[in-house]
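The next block holds one structure in the form of structure tokens; read it before the comments.
The values are calculated or read from the model by the stated rules, or taken from the named source; none is laboratory data. These numbers come from a predicted model, not from an experiment. Using ideal geometry, Cβ is built from the backbone for each residue, glycine included, and neighbour counts are taken over all protein chains shown.
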Amino acid sequence: MDMRSRWRPSLIPRAYAAFVVGLRWLIVGGWAAAAVASVVYLPAVGQGGSDLEQLVSADNPAVRSELRSFDKFGFPLLSRVAVVQRNPNGLSQATQSEAVERAKAVSEGTYGDVGPIRAAVPVMNTLGLFPGSAEDGTTIVTLLFTNPDVNFAGQVQAAERFVAAHYSADDSVVGITGSVPARVEQARIVQSSVSRLELITVAAVFLIVAVAFRSIVAPLVALGVAGVASLLTLHVGGALALRLGVPVPQETQPLLVALLLGVVTDYVVFYLSAVRRGLGAGETRLDAARAATARFTPIIAVAGLTAAAGTGALIVAGSPAFRAFGPGMALAILIGALVSVTLVPALLAILGRAAFWSPLRPRATPPPRPVGGRRWARLLTRRWFALPLLLLCTAGLVVAALPLQHIKLGVSFVEALPKDRPARAAATAAETGFADGILSPTEVLLEGDAIAGRKSELAQLQQALAKEPGVAAVVGPTTPNLPEGYNVFRSADGTAARYLLILADEPLGAKAVDTVGRVQRDLPGLLAAAGLDGARASLGGDTAVARVIVAQTTDDLGRIAIAALLANLLFLMLFLRALVAPIGLLACSVLAIGATLGLTTWLFQDILHADGLTFYVPFAAAVLLVALGSDYNIFGIGPAWREARTRPLREALALTLPHSARAIRTAAFTLAVSFGLLLIVPLRPFRELAFALSVGVLLDAFVVRSLLAPALLSVLGSTVAPEPDPEPEVVERADAPVG
């Protein structure tokens, strides 16, 4: 078999390479100036944006229900900030009385220092007063109601001032909790984790690249380029958010950091590999830089556009959260690719052999030829071996994907926090004294003529709601023993009534979301059975909002999947100038993504017993993995495809796979580590993302690109091979840089 590469880059890549190498000093200076200018003159991501959980559409039916309830009653029934008092041995009668008097003073405006807090309602777990309480007199949850125009941080600060001014050490205050304090605490955790994440990720990338290239300069090149791309992405993204009024979630910053460091390092690794091979073959630093640039710039450009198009496909989603994720991820990849295809060749043209210098090996030497890799590649491209391997890999990925059929989605805030965080500890205390859903009850709003006066029908409905599976307790217009003046369940004009449903499960987890969905479906029948079939019913509260978000996310799946797959398929077809092979390669990526999400579901739901995955994690991970999988398609198959225009496809695969697979494995391991280090952010969604993305990247590189895709193309053989070039140009070197 003739193992020499016969392909030579066309005129345009060669001209581009000559241009970049010729202007190397100007390019390096220009990017340095751009990075500095972005820091000085542009805002960072997060300014002009908002946190992810605030991105809830005003058209959400649960939000509209709460607004109608406020209009009808002039007083909200739901609170998302609460002060928790608890003593397992029982709160004194004086403490309980003080809680009532304190709340009354707030509601009547007696206190002049409570700021935006408009009202307070104490809820005690005294048996007979609050149905569903497992204890008697151990816990008080004081619900705080603030002006609707106060932001989340302002609500939490007002609650903290209230506790500091009006509670004493004898009041057994555990802390402030609720969905709003949990969201604020999540944002604080994310912001405090970014610097540590950056530092550790940089150290990890440095170590991996240093070991891979046996040099301490090569990782500095990778990190320098990634640093320029990161600064530009964060600040250009912030400027676009302000100018266009598009919120950029602060929670995306750790993911952006991991994505940029990993993806840019991927691109740098391919340039470094090609330049090192050229230098080892005796080329000058400028010739090696030009050859590597001409050969890999088209591949990296197409890979970057493909990945950006795949992540940008999230813009078609109906969910505001996904629409916020997409542009930021796409912008990061585009800037990373643009910086890589200009700055990396310029730096390598300047540095030459110095890019591979090491104090342990002062003079750069070419890496050993991958003889074992070529033997494996020749074996892999034999049809009698490739077919069983193809079937084995496919079966393994299908088995790994099976748990995906049991996936459940939730929108947890409090439960996503570490157990030692104040909001989580206070929530645990409240749930122990009452029920898991005490902090985020669900409101059932009934509207109809004179409905507030139909006491017997309302009582019958309240009893029916209490019997619904997953409902721990119901407080409503016919609840006995309510405190005097606690008349908030019937409107003054008699046209509305409302109930509070306390759920038995964590209120924003998958089980509670399912419970609210079931109540929503059962309501028409329950109303009819209670003689209220003419009434209009709607649900409000965090769980009802979460149910709509989860349903919207599921509905988005089809649009996102079609848009992402079509975008990636289009770029693969244009790059390979083929149809069947891109479809097969994309199918391999889909198999890997299914296996990844199946393993993620198995770990977090079945092993760690989480109440569902965070709603956006599977879809964000899938879109990113489709995009990055197409990157590796282009990096891995692209060189073989070009060689196949001058030789049989199996020979082309055997020639190029040893080099491209080696570079892909190095790049993928770096990217997987970058994503895996998201574990540093101590929030459950980031742990889920860290596992899904790191496992997905490793599966894609070590199973799909190294085994499954080559086996598939080897089995298909000439049926998918590209058309041969009419007059191939011969490259004289035997081991041309193919990866």
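Does the stretch 527-549 hold any residues that are assigned to a helix (DSSP H, G or I) and either surrounded by 20 or more Cβ atoms within 10 Å (Cβ to Cβ) or polar (S, T, N, Q) (or both), and which are they? Before you say what the answer is, go through the steps one by one.
The initial filter retains those residues of the stretch 527-549 that are assigned to a helix (DSSP H, G or I), namely 527-529, 542-549.
Across the stretch 527-549, the qualifying residues are 527, 542, 543, 544, 545, 546, 547, 548, 549.
Evaluation of residue 406 against the conditions (1) within 30 Å of residue 703 (Cβ to Cβ); (2) touching a Ser or Thr at 6+ places or on another chain (Cβ under 6 Å) shows that the sole unmet condition is (2).
Just wondering, is there one or more residues in the stretch 140-147 that are under 40 Å from the mean Cα position of the chain (by Cα), within 29 Å of residue 452 (Cβ to Cβ), exposed (fewer than 14 other Cβ atoms within 10 Å of the Cβ) and at pLDDT below 90?
Within the stretch 140-147, the subset under 40 Å from the mean Cα position of the chain (by Cα) is 140-147.
Then keep just the ones that are within 29 Å of residue 452 (Cβ to Cβ); that gives 140-147.
Narrowing further to those that are exposed (fewer than 14 other Cβ atoms within 10 Å of the Cβ): 147.
Those still in the list that are at pLDDT below 90 too: 147.
For the stretch 140-147, residues under 40 Å from the mean Cα position of the chain (by Cα), within 29 Å of residue 452 (Cβ to Cβ), exposed (fewer than 14 other Cβ atoms within 10 Å of the Cβ) and at pLDDT below 90: present.
Looking only at the stretch 162-209, which residues are without any contact (Cβ under 8 Å) to a residue 12 or more places away in the chain and closer than 30 Å to residue 94 by Cβ? Correct list: 164, 168, 169.
So which of 627, 620 is under 30 Å from residue 511 (Cβ atoms) and either acidic (Asp, Glu) or at pLDDT 75 or above (or both)? Full working, then the answer.
Details: 627 fails: under 30 Å from residue 511 (Cβ atoms).
The unique qualifying residue is 620.
Give 627, 652, 620 a once-over and let me know the one that is buried (at least 24 other Cβ atoms within 10 Å of the Cβ), free of Cβ contacts under 8 Å to residues at least 24 places away in the same chain and either assigned to a helix (DSSP H, G or I) or out of contact with any helix residue (DSSP H, G or I) (no Cβ under 9 Å at 6 or more places or on another chain) (or both).
Values: 627 fails: free of Cβ contacts under 8 Å to residues at least 24 places away in the same chain; 620 fails: free of Cβ contacts under 8 Å to residues at least 24 places away in the same chain.
Just a single option satisfies the conditions, and that option is 652.
Filtering the stretch 110-127 to residues that are among the polar types (S, T, N, Q) and in a strand (DSSP E or B) leaves nothing.
Only one entry of 152, 206 meets the criterion of being under 23 Å from residue 441 (Cβ atoms) and not aliphatic (A, V, I, L, M), and that entry is 152.
Within the stretch 468-476, does at least one residue satisfy the condition of being in a helix (DSSP H, G or I), modelled with pLDDT of 85 or more and surrounded by 22 or more Cβ atoms within 10 Å (Cβ to Cβ)? Break it down stepwise before answering.
Going residue by residue through the stretch 468-476, those that are in a helix (DSSP H, G or I) are none.
Scanning the stretch 468-476, I find no residue that is in a helix (DSSP H, G or I), modelled with pLDDT of 85 or more and surrounded by 22 or more Cβ atoms within 10 Å (Cβ to Cβ), so the answer is no.
Within the stretch 176-218, the set of residues being buried (at least 22 other Cβ atoms within 10 Å of the Cβ) and among the polar types (S, T, N, Q) comprises 177, 179, 186, 201, 215.
If you scan the stretch 198-231, which residues turn out to be charged (D, E, K, R) and under 25 Å from residue 681 (Cβ atoms)? Working first, answer last.
Start the filter on the stretch 198-231 by keeping residues that are charged (D, E, K, R), which leaves 198, 214.
Hit for the stretch 198-231 is 198, nothing else.
Of the residues 657, 597, 603, the single one that is closer than 28 Å to residue 375 by Cα and either modelled with pLDDT under 85 or of a type in the set (A, V, I, L, M) (or both) is 657.
Screening 368, 403, 345 for residues that are under 26 Å from residue 218 (Cβ atoms) and either in a helix (DSSP H, G or I) or at pLDDT 85 or above (or both) leaves exactly one candidate, 345.
For the stretch 422-463, residues that are under 22 Å from residue 510 (Cβ atoms) and either assigned to a loop (DSSP other than H, G, I, E, B) or out of contact with any helix residue (DSSP H, G or I) (no Cβ under 6 Å at 6 or more places or on another chain) (or both) total 16.
Look through the stretch 150-174, keep the residues that are closer than 19 Å to residue 112 by Cα and not in a helix (DSSP H, G or I), and return whichever of them is nearest to the chain's Cα centre (by Cα). Reasoning before the result, please.
First, the residues of the stretch 150-174 that are closer than 19 Å to residue 112 by Cα: 150, 154-168.
Then keep just the ones that are not in a helix (DSSP H, G or I); that gives 150, 167-168.
Details: 150: 28, 167: 40, 168: 42 Å.
Going through the qualifying residues, I end up with 150.
Of a type in the set (Ser, Thr, Tyr), within 43 Å of the chain's Cα centre (by Cα) and closer than 17 Å to residue 524 by Cα - does that describe any residue in the stretch 488-498? No; the residues of the stretch 488-498 include none that is of a type in the set (Ser, Thr, Tyr), within 43 Å of the chain's Cα centre (by Cα) and closer than 17 Å to residue 524 by Cα.
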